[in-house]
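Here is the structure we will look at, set down as structure tokens.
Taken together, the values in this text are just the output of simple stated rules run on the coordinates, not laboratory data. Just so you know, these numbers come straight off a predicted model, no measurement behind them.
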């Protein structure tokens, strides 16, 4: 039973850091400049799918880490707490990318 929880905890850590790894993808889709946005429908789709993937990875990773955080020692708990915080920030960015992708894709389609 404990082996399954440790594996679930480690998979949750991977998902949390994977969500954080998707944040630069959205920045690439936005482009450069302070008031920049996606330049075409392809950039909007990249932003939309990056936001959805980042949000899903963050939520699933946080859920798995929280369920398995009690099996590890203090170092694993600290790493789990740090991963949950980073995944929360990545989930917020993913939600922002999702919202921005919806609005920009709507502008390019209509």
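Using the alpha carbons alone, the radius of gyration of region 66-108 stands to its Kirkwood radius in an Rg to Rh ratio of 1.32. Build a GNM of the chain with springs between Cα atoms under 10 Å apart, and of 83, 44, 74 the one that fluctuates most is 74. Here the Gaussian network model covers the chain, with springs between Cα atoms less than 10 Å apart; of 93, 63, 42, 42 fluctuates the most.
Highest GNM mean-square fluctuation among 23, 71, 59, for the chain modelled with Cα contacts below 10 Å: 71.
Under the criterion of Cα pairs below 8 Å and six or more residues apart, the relative contact order for the chain equals 39 percent. Counting helices only, and only those DSSP H runs with n ≥ 4, report the 222 nm mean residue ellipticity of the chain as the sum of -39,500 (n - 2.57) divided by its residues, in deg cm²/dmol to the nearest 500. Helices in the chain give a 222 nm mean residue ellipticity of -29500 deg cm²/dmol.
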